[in-house]
Every structure is written in C-alpha cells, then in structure tokens.
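See structure below.
Just so it is clear, none of the values below were taken in a lab; they were calculated from the coordinates. Here the structure is a predicted model, which is why all the values come from computation and not from measurement. As a convention, Cβ positions derive from the backbone with ideal geometry for all residues, glycine included, and neighbour counts pool all protein chains shown.
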Amino acid sequence: MLHFTKLQGNGNDFILIDEYNEKIIEDNKKAAFALKYCDRRFGIGADGVLFLERSDMADIKMQIFNSDGTQAEMCGNGVRCLSKYALDKEYIQDKARVETLAGVLPISLRREDKTWISVSMGKPQFQRTQIPAKGAGEFLNIALHGYEVSAVNTGVPHAVIFVDSLDDTKFLSIAPEIRSDPIFPKGTNVNFVHVDSRKELTIRTYERGVEGETLSCGTGSVACAAVAYRLGKTGNSVKVNTKGGELRITIDDDTAYMEGTAERVFEGRIKLI
C-alpha cells in the first residue's frame, strides 16, 4: 500500500509522495502515476503530484508532474506545500533550500494561525530566449489574439494580459489559444489581470499541463506582479488575489519573493495496480 498526503496552497492542490528515505515510484513511471491519480473522478484528484526527495545540493528536492502527466520545472504553490510537509516531518527547519528543475530556491517558514512560507523565486526573465518565445528582446505589450500580451519566465513561462474585466467567456476562449500559440515553443501559462490599485491585483490563471483554470498559481502571481511593476502599473510590493486566496509578492533588487500559506487536507493509502 502506498501512503500519500494531500495538500493545498490557495486551492491549488497536490498529491505528495514522500521519497525522502526511499524511492517509491520509479522516475519513468511518475508521469503515468500523475496522469492516473490526479483524476478527480477515478483517482485521488489533484492539479499535480509532488515527489519529495533528498538533494545533493539543497535540503530537499522537488519533482512535480502536472495532472496531464507532463513534468513542470517549478510550481510556486507546489514548493510551499512541499515545504509545509517537510517542516512538519522535521526534514527541514524554518529556513531551508529546495532543489527544483528551475534551480535552488531559498525558503523561510513562520507559524501563525497557519504556516506561512516565503519563497525566493529568483529573477524574473523577460528576454524571449529565457521565456522561451520566438524573436529577440523583451516580450512586453505584444499584439496577440486581439490583446496586448507580455511574457516572463518566473520558473515556468507565463503570458500576462491586463484587462478591465475578468470575464468568464473571454478568459476561457482566449487563454487556450494563447497557451498554444506557436510563438511559445514550449507553450505558456496564461494570466488575465485586473489592476485594483497600485498595491493590489486580481488574477485568473489558465495553467499549462492542467489545461484549465486553477484556483491559484504561485509562479503566475509572481509573473503578474513582475510585469505590472515593470510596466509601472504598481509598486514593487503587491497583494495578488486569486480565486483560492491571496499571495504577497515583492520584487526587491530584481529578485521576486512570494509569501503564502499551505495546508494539509488529508492522508490516505492506495493500492498500486
């Protein structure tokens, strides 16, 4: 029987498999595991699967597979959930470093009514070669599918679109088209953003790999804050409202910091077939 833990960060939910002390799922079977058990009707149900492992270069290592079986470089809400679990298991202390495919991320944790996790997300990358996107230079306010689109890599690629209204119809029809536009060789996540004030944003995110809207996206929240700050729409510190809750994003000396909560939902056992 395989033990798993279900966690969520702002409603972005994950199955966590603890491989800190032993390998549970072979690497070549992780994608199939995610595809099967993320199913919300015939599996456990989740936006993705987190595999927690030991690291040779940091305190812990995270592998993440989306619900469609693809592997992601990083996930902001995922790294918070992984860190929450690792703190509870005493694998890490209040300050630690997490290895991801997007690099090693420093984190710090504090306990109040909930566990708050701050993640140093690195430097947002605006150059097209780093996103990646076709062409040269920065990807800011480019005409695409009838919108002005900006793009940035905050661990994974994100398209950011500022709108007057977070309308269901437009979001759900346009986001998939931009997500798969050929200008993004590896595809992209898509964010619609409403600027509430100089200190506050409200966003909706269509996630690559989930192929639908999620209640929250950590890297997407960082992307929206980074683009808004770069275009002069906000200051360097903002509250980002997602459907699943708020995140606090700060851009300091070109480094982005994300703070939010993470919680255990339940634990269980499954018989691998």
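Taking R0 as 45 Å, what's the FRET efficiency between Leu231 and Lys271 from their Cβ-Cβ distance, rounded to 0.05? Calculated value: 0.30. Listed by chain and number, the lysines placed with their C-alpha closer than 30 angstrom to that of Lys271 are Lys6, Lys23, Lys29, Lys30, Lys36, Lys61, Lys84, Lys89; residues fewer than eight positions away on the same chain are left out. Within segment 1-43, all pairs of alpha-carbon atoms sorted by distance into 10 Å bins from zero give the percentages 23, 57, 20, 0.
Restricting segment 37-101 to chymotrypsin sites (Phe, Trp or Tyr not before Pro) that sit in a DSSP loop and have at most 14 other Cβ atoms within 10 Å of their own Cβ leaves Phe42. Each of Phe192, Phe33 was scored by other Cβ atoms within 10 Å of its Cβ. Arranged with the fewest first, they read Phe33, Phe192. Listed from fewest to most Cβ neighbours within 10 Å, the set Asp167, Asp68, Asp254 follows the order Asp254, Asp167, Asp68.
Residues Cys75, Cys224 in ascending order of nearby Cβ atoms (within 10 Å, fewest first): Cys75, Cys224. Hey, what D do you get for segment 128-253 in µm²/s if you plug the Kirkwood alpha-carbon radius into Stokes-Einstein at 10 °C and 1.306 mPa s? D, rounded to a whole number, is 112 µm²/s. Simple spin-label estimate for Glu73 and Arg111 gives 3.5 nm between the two label positions (7 Å along the Cα-to-Cβ direction from each Cα). Based on Cα contacts under 8 Å between residues 6+ apart, the chain shows a relative contact order of 21 percent. Principal semi-axes of the equivalent ellipsoid, √(5λ) from the alpha carbon gyration tensor of the chain, are 29, 21, 17 Å from largest down. If you count Lys pairs in segment 128-253 whose Cα atoms are under 26 Å apart, skipping same-chain pairs closer than 8 places in sequence, the total is 12.
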